[in-house]
Amino acid sequence: MSGTETITGLDDAALVRELALRERELVRMRFQLASSRLQNTSVLSQARKDIARIHTEIRRREIVAGLPKASLAAKHHVDLRTLAGVKPAAAASTGGFLQGVVDKIAP
């Protein structure tokens, strides 16, 4: 998604969801880097730039609408557990929030 044309085409809720997905992916890549499993380290820089582009677009929309800072993100809150496909109530019964991290790190 390195172009602004795809970012500007999203609605507010989809933009906040995309931001959460990108931030989650960046965390996953950082874990891979720490465990020496990340082959191409330039993807970290690209991911950070994509996140910055999304933040910029969100802020631009807030300014145009006359909203205070971070109001779009608060209005369209995204639960990271639902992004992973885990229902919030099931997270505690399946090993908690670290279970997904352990699954991704384990070979």
Burial ranking of peptide ranges 45-56, 11-22, 67-78, 30-41 (average Cβ count within 10 Å, highest at the top): 11-22, 45-56, 67-78, 30-41
Cβ-placed point charges (K, R +1; D, E -1), dipole of segment 4-78 about Cα centre in debye, nearest 20: 300 debye
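Coordinate-derived values only; no laboratory data. What you see is a predicted model; the values in this text were computed from it and never measured. So basically every Cβ, Gly included, is an ideal-geometry build from the backbone, and we count neighbours across all protein chains shown.
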